[in-house]
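*Asks:* Handing you a structure now.
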Amino acid sequence: MITLDGVRKEYENEVAVRTLSLQVPPQQTTVLIGPSGSGKSTLLRLMIGLITPDAGTVTVNGQPLSDANVQALRHRMGYVIQEGGLFPHLTGRDNAALMAHHFGWSQARIDARLNELTDLVQLNPDRLSQSPSELSGGQRQRVSLMRALLLDPDVLLLDEPLGALDPMVRADLQDDLRTIFRRLGKTVVFVTHDIGEAGFFGDHLVLLRDGAIEQQDPMPALVHDPASTFVTDFIDVQRAPLDHLGDENRE
Ligand code: ADP
């Protein structure tokens, strides 16, 4: 469980996250949605201790994050960013096994874990010999997910992990990711600005606006019982493929 209690983060003259409290339920997928600049990535970075709040407390598995425990707690959390964040000079294998090398695992243990993970993320193991530039965007994100899962963390934090992928690859990975999340029963926090993706993944949706929580609910409540016109506007602005037909018929 991750809890944010009265957390605030400011940059120079800009407030990225206004004082807010949030409970991320364990073993479910929580989706942070909202327009660009609404504070989604900042919230995720606060949860994994990459940045520290100006006020308030972030608690992970009952322990308030502090300088003393942040490194250890970070190893219980996997983190995936939009472009994967893989090291370009390392093969897929070395990228995925980064933390195993850090902890001095034996080669046999590393190989066994990578086998499990290629199976889980549906990546052809031959791909692990290639460098990130030789992999497609979807394959890179599968390797990034392997790296994030290597130490079998309790928590997975994903910051627009599918944002850079074309729609067909994205849909494939959405299916696979949702299956993985359900199978592993991890606590997942997933950032997206795509409302369709949010509904597909999220048990629990947190809609942000200007660094504050506008509404947190399952998708049906956001649609049928919106907290404000902003919620409705945010949902409605994403055009369905046939929306324009009515306009043309009127002309
Ligand atoms: P989102 O992920 O929803 O697009 P962010 O959390 O990245 O939003 O950013 C929230 C606000 O904080 C934005 O206005 C952004 O410009 C600002 N911000 C985020 N990170 C920094 C930073 N490192 N330095 C200065 N401003 C930042």
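*Asks:* Only one residue in 177, 156, 162 is in a loop (DSSP other than H, G, I, E, B) and open to solvent by less than 10 Å² (accessible area, probe 1.4 Å), so which one is that?
*Replies:* Matching residue, one of 177, 156, 162: 162.
*Asks:* Using the structure shown, decide if residue 193 is assigned to a helix (DSSP H, G or I) and open to solvent by 40 Å² or more (accessible area, probe 1.4 Å).
*Replies:* no
*Asks:* Would you mind stating whether residue 161 is without any contact (Cβ under 8 Å) to a residue 40 or more places away in the chain and in the same structural domain as residue 36 (by TED's automatic domain parsing)?
*Replies:* Against the criterion (without any contact (Cβ under 8 Å) to a residue 40 or more places away in the chain and in the same structural domain as residue 36 (by TED's automatic domain parsing)), residue 161 does not qualify.
*Asks:* In the range 4-116, which helices (runs of 4 or more DSSP H) lie fully inside it and hold 1 or more residues that are open to solvent by 30 Å² or more (accessible area, probe 1.4 Å) and of a type in the set (D, E, K, R)?
*Replies:* Correct list: 40-47, 70-74, 92-96.
*Asks:* What do you reckon, is residue 10 without any contact (Cβ under 8 Å) to a residue 24 or more places away in the chain, within 9 Å of the ligand (Cβ to nearest atom) and more than 25 Å from residue 222 (Cα to Cα)?
*Replies:* no
*Asks:* Search the range 46-92 for residues being charged (D, E, K, R) and within 16 Å of the ligand (Cβ to nearest atom), and hand back the single one that is nearest to residue 170 (Cα to Cα).
*Replies:* Applying the filter and picking the extreme gives 83.
*Asks:* While we're looking at this one, here's another question. Just to be sure I understand, how many residues within the range 26-45 are within 10 Å of the ligand (Cβ to nearest atom) and hydroxyl-bearing (Ser, Thr, Tyr)?
*Replies:* Number of matching residues: 4.
*Asks:* Are any residues in the range 205-220 surrounded by fewer than 17 Cβ atoms within 10 Å (Cβ to Cβ) and touching a residue at least 40 places away in the same chain (Cβ under 8 Å), and if so, which ones?
*Replies:* Those that are surrounded by fewer than 17 Cβ atoms within 10 Å (Cβ to Cβ) and touching a residue at least 40 places away in the same chain (Cβ under 8 Å): 210, 212.
*Asks:* OK, next. From 202, 196, 211, grab the single residue that is within 21 Å of residue 36 (Cβ to Cβ), at pLDDT 95 or above and assigned by TED's automatic domain parsing to the domain that holds residue 10.
*Replies:* Of 202, 196, 211, the one residue that is within 21 Å of residue 36 (Cβ to Cβ), at pLDDT 95 or above and assigned by TED's automatic domain parsing to the domain that holds residue 10 is 211.
*Asks:* List every residue pair whose Cβ atoms lie under 9 Å apart, where the two residues are 6 or more positions apart in sequence or sit on different chains, the first residue falls within the range 23-52 and is in the same structural domain as residue 206 (by TED's automatic domain parsing) and at positive phi, and the second residue, located anywhere, is in a strand (DSSP E or B) and away from the ligand (no atom under 12 Å from the Cβ).
*Replies:* Pairs found: 27/187; 27/188; 34/214; 39/20; 49/58; 49/60; 49/77.
The values are calculated or read from the model by the stated rules, or taken from the named source; none is laboratory data. What you see is a predicted model; the values in this text were computed from it and never measured. Backbone-built Cβ (ideal geometry, glycine too); neighbour counts: all protein chains shown. Just the protein is used for accessible areas: all its heavy atoms, side chains included, with ligands, DNA and RNA removed. Shrake-Rupley method; radii C 1.70, N 1.55, O 1.52, S 1.80 Å.
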